[in-house]
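**Q** Okay, here's the structure, questions in a sec.
The values are calculated or read from the model by the stated rules, or taken from the named source; none is laboratory data. These figures come from a predicted structure and were not determined experimentally. Here the Cβ is made from the backbone with ideal geometry for all residues, glycine too, and neighbour counts use every protein chain on show. Accessible surface is based on the protein model in full, side chains and every heavy atom, while ligands, DNA and RNA are left aside. Shrake-Rupley method; radii C 1.70, N 1.55, O 1.52, S 1.80 Å.
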Amino acid sequence: MKGPVALVDCNNFYASCERVFNPALRNKPIVVLSNNDGMIIARSNEAKEIGVKMGEPLFKIKPFIKKHDVRVFSSNYTLYGDMSRRVMDTLEQFSPDVEIYSIDEAFVSLEGINGNLDDYASEIRETVYRWTGIPVSVGVARTKTLAKIANRYAKKHPECNGALNISDAPDIDKYLKWTDVSDVWGIGRQYSKLLNKNGINNAWELSKANEYWVKKKMTVMGLRTVLELRGISCIEMEYTPPAKKAIVSSRSFGRYVTELNDLKEAISLFTSKAAEKMRQQKSAATLLAVFLRTNPFRKEKPQYHNGCQAQMPVPASSTSELLFYAMKSLEQIYREGYEYQKVGVMLSGLVPHDSSQMSLFETEDRKRMARITEIVDKVNAIYGRETIFHASSGTGRNWNMRRDKLSGRYTTNWGELPEAKAGVIESLKDFGIQLELFP
């Protein structure tokens, strides 16, 4: 990779998405909950300041939440996913080379960009906020690892105004010494312990480490990190994410499930979702596994967990075909008398769909199945997920994930568009404009 690179990171992304369509939430503490409204997985800065911790179970801190008027939301993945797409589309206005790293992060190649990179980073930040309402931090550096450090520094230091360019900084060691080694991109918990044990506590000390020792103890990936900290680009931009080797679709139930029919509905839904993701990367599965379990923390209840794997006679991508094997697998491992908390499906042994080896004695009309699947995917892409779905997935789904504090899918569902109330005079006063009303 030549030239500088920017890391653009959305600030408190889930909480920021909730604020975009509800201005009353500005400057208010916000938390977002995990599946089934279990624990806190995202916090606004205001929630962090009053002491709300990540991973805290909601039921344990309800009095604290009420006392501090913390606004609580269920995870709204539909909204967050669409807002992420809008942010990434905006970033593509600044460079043709954008690597989407996660739902709220992207690397942007600034190779060939003329002009002041400090101003360019600020322009990126201001444009994303103006176009989407999502605040972001921007870090610019010569390598992706250094861009991560620049971004983190910009986010933690208000004087940076959310953007920092260290691509030509003469005092880059200052930023490396400020960064704990555990916060360096690619350094996990185990490597952090190893480095601390050997007297390496920050990014600057890691950048000075012996290359032979690093490669021996941390493999070639660790050596790449050290070189990146020295300003030598070793991690290229990835414009096309690598195909996944396995796809899992699973959720905990909103209530405990005992009936086989309810489990079949869930397995049908999860198989459909996994198959759709697999087709998006143009793959087919040779193995399908179904698993289920009770809640291991309910020691007073009978416990059971099991799984079953099916080998496809021919690599399959059709939901209908995969459902046949999923249902047969579930029937083999289901046992009466248990309260099940979770089931799931895993598709593995993935191969390119267009290079699948067919059977000499094929009995399925695969061309017809492929056409039907393609039409269903297109309809759902245009009109929304599950516009067309298999009847075996059910309609009532009283086992579905609990999300009692779910906000609207404002950007993808006509029936959930936000309502706006006009307060013209008050709004103008906010801008220092006075109106004279005549009788």
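**Q** When the dipole is taken about the Cα centre of the chain, and only Lys, Arg (+1) and Asp, Glu (-1) are charged at their Cβ, what size is it in debye, to the nearest 20?
**A** Roughly 1620 debye for the chain.
**Q** Give me the distance between the Cα centres of segment 4-54 and segment 193-247, rounded to whole Å.
**A** Each part's Cα centre sits 30 Å from the other's.
**Q** Ok, one more. If you place +1 on the Cβ of every Lys and Arg and -1 on the Cβ of every Asp and Glu, how big does the dipole about the Cα centre of segment 163-292 come out, in debye to the nearest 20?
**A** The dipole of segment 163-292 has a size of about 480 debye.
**Q** Taking the Cα atoms only, what angle lies between the long axis of helix 260-280 and the longest principal axis of the chain, rounded to 10 degrees?
**A** 50
**Q** How do CYS10, CYS308 rank by accessible surface area computed with a 1.4 Å probe, from largest to smallest?
**A** Largest accessible area first, the residues go CYS308, CYS10.
**Q** To the nearest 10 degrees, how steeply does helix 144-156 sit against the main Cα axis of the chain, on a 0 to 90 scale?
**A** 70
**Q** If you don't mind, there's one more thing I want to ask. Mind checking which aspartates and glutamates have their Cα closer than 17 Å to the Cα of LYS53? Skip sequence neighbours fewer than 8 apart in that chain.
**A** Within the straight-line limit of under 17 Å, LYS53 reaches these aspartates and glutamates: ASP37, ASP69.
**Q** Something else: How much length, in nm to one decimal, is gained on full extension between PHE389 and LEU417, taken as 0.36 nm per residue of separation minus their Cα-Cα distance?
**A** Length gained between PHE389 and LEU417: 7.6 nm.
**Q** Can you return the aspartates and glutamates within cross-link range of LYS264? Criterion is Cα-Cα under 20 Å, with same-chain partners fewer than 8 residues away left out.
**A** GLU276, GLU321, GLU331, GLU336, GLU339, GLU386
**Q** For the cross-link pairs LYS144/LYS216; LYS245/LYS328; LYS2/LYS282; LYS174/LYS208; LYS156/LYS193; LYS244/LYS299, which exceed 26 Å when the distance is taken from alpha carbon to alpha carbon?
**A** Listed pairs above 26 Å: LYS2/LYS282; LYS244/LYS299.
**Q** Sticking with this one: Roughly how many whole Å is it from the C-alpha centroid of segment 261-311 to that of segment 76-97?
**A** If we compute the Cα centre of each part, the gap is 30 Å.
**Q** Using the scaling law 2.2 N^0.38 Å as the reference, what is the normalised Cα Rg of the chain?
**A** Its radius of gyration relative to the 2.2 N^0.38 Å reference: 1.15.
**Q** Please report, in cubic angstrom per residue, the volume enclosed by the convex hull of the alpha-carbon atoms of segment 278-419.
**A** Here the figure is 157 Å³ per residue.
**Q** Next question. Please go through segment 188-263 and write out the GluC sites (Glu not before Pro) that DSSP classes as loop and that have at most 10 other C-beta atoms within 10 Å.
**A** Answer in residue order: GLU236.
**Q** Same structure again: What is the packing order of peptides 117-124, 57-64, taking the mean over residues of other C-beta atoms within 10 Å and listing the highest first?
**A** Result, highest mean Cβ count within 10 Å first: 117-124, 57-64.
**Q** Would you list the P(r) distribution for segment 1-103, with all Cα-Cα distances sorted into 10 Å bins from 0 and each bin expressed as a whole %?
**A** With 10 Å bins starting at 0, P(r) equals 14, 40, 28, 14, 4, 0.
**Q** Could you tell me the distance between the Cα centroids of segment 320-354 and segment 124-155, to the nearest Å?
**A** Using only Cα atoms, the two centres lie 42 Å from each other.
**Q** Select from PHE389, MET401, PHE297 the residue farthest towards the positive end of the dipole of segment 286-402; place +1 on Cβ of Lys and Arg, -1 on Cβ of Asp and Glu, and compute about the Cα centre.
**A** Looking along the dipole axis, the top candidate is PHE297.
**Q** Another question about this same structure. Who wins for biggest fluctuation among TYR340, TYR129, TYR191 in a Gaussian network model of the chain, springs between alpha carbons below 10 Å?
**A** For the chain, modelled as a Gaussian network with Cα springs under 10 Å, the answer is TYR191.
**Q** For segment 95-228, what log10 I(q)/I(0) values come out of the Debye formula at q = 0.09, 0.20 1/Å, with one point per alpha carbon and no solvent?
**A** -0.29, -1.19
**Q** Output the relative contact order of the chain, whole-number percent, from Cα pairs under 8 angstrom with separation of 6+ residues.
**A** Worked out over the chain, it gives 16 percent.
**Q** So how do 387-393, 414-420 stack up, highest first, on mean other-Cβ count within 10 Å?
**A** 387-393, 414-420
**Q** Can you tell me the relative contact order of segment 201-259? Whole percent, Cα pairs under 8 Å, sequence separation 6 or more.
**A** It comes to 23 percent, rounded to a whole number.
**Q** Here's something else I'd like to know. What is the dipole size for segment 101-190, taken about its Cα centre, with +1 at each Lys and Arg Cβ and -1 at each Asp and Glu Cβ, in debye to the nearest 20?
**A** Roughly 340 debye, rounded to the nearest 20.
**Q** For the chain, set up a Gaussian network in which alpha carbons nearer than 10 Å are linked by springs, and say which option among ASN400, ASN380, ASN76 fluctuates the most.
**A** Taking springs between Cα atoms under 10 Å, the residue moving most is ASN380.
**Q** Taking the Cα centre of the chain as the origin and placing charges on Cβ (Lys, Arg +1; Asp, Glu -1), which of ALA42, ALA24, GLY415 is farthest toward the positive end of the dipole?
**A** Value computed over the given set: ALA42.
**Q** How large is the helix-only mean residue ellipticity at 222 nm for the chain, computed as the sum of -39500 (n - 2.57) over DSSP H runs with n ≥ 4, divided by its residue count, in deg cm²/dmol to the nearest 500?
**A** One gets -11500 deg cm²/dmol as the mean residue ellipticity at 222 nm.
**Q** Once the Cα atoms of helix 77-91 and of the chain are each reduced to a long axis, what angle between those two axes, in degrees from 0 to 90 to the nearest 10, is obtained?
**A** Roughly 50 degrees, rounded to the nearest 10.
**Q** Multiply the residue separation of LYS177 and LYS245 by 0.36 nm, subtract the distance between their alpha-carbon atoms, and state the gained length in nm to one decimal.
**A** So the extension gain works out to 20.7 nm.
**Q** Loop-only trypsin sites (Lys or Arg not before Pro) in segment 271-363, please: DSSP not H, G, I, E or B, and at most 14 other Cβ atoms within 10 Å.
**A** LYS282, ARG298, LYS299, ARG335
**Q** Can you work out the base-10 log of I(q)/I(0) for segment 373-415 at q = 0.28, 0.29, 0.30, 0.35 1/Å, using the Debye formula on its C-alpha atoms alone?
**A** Calculated log10 I(q)/I(0) at the listed q: -1.05, -1.05, -1.05, -1.09.
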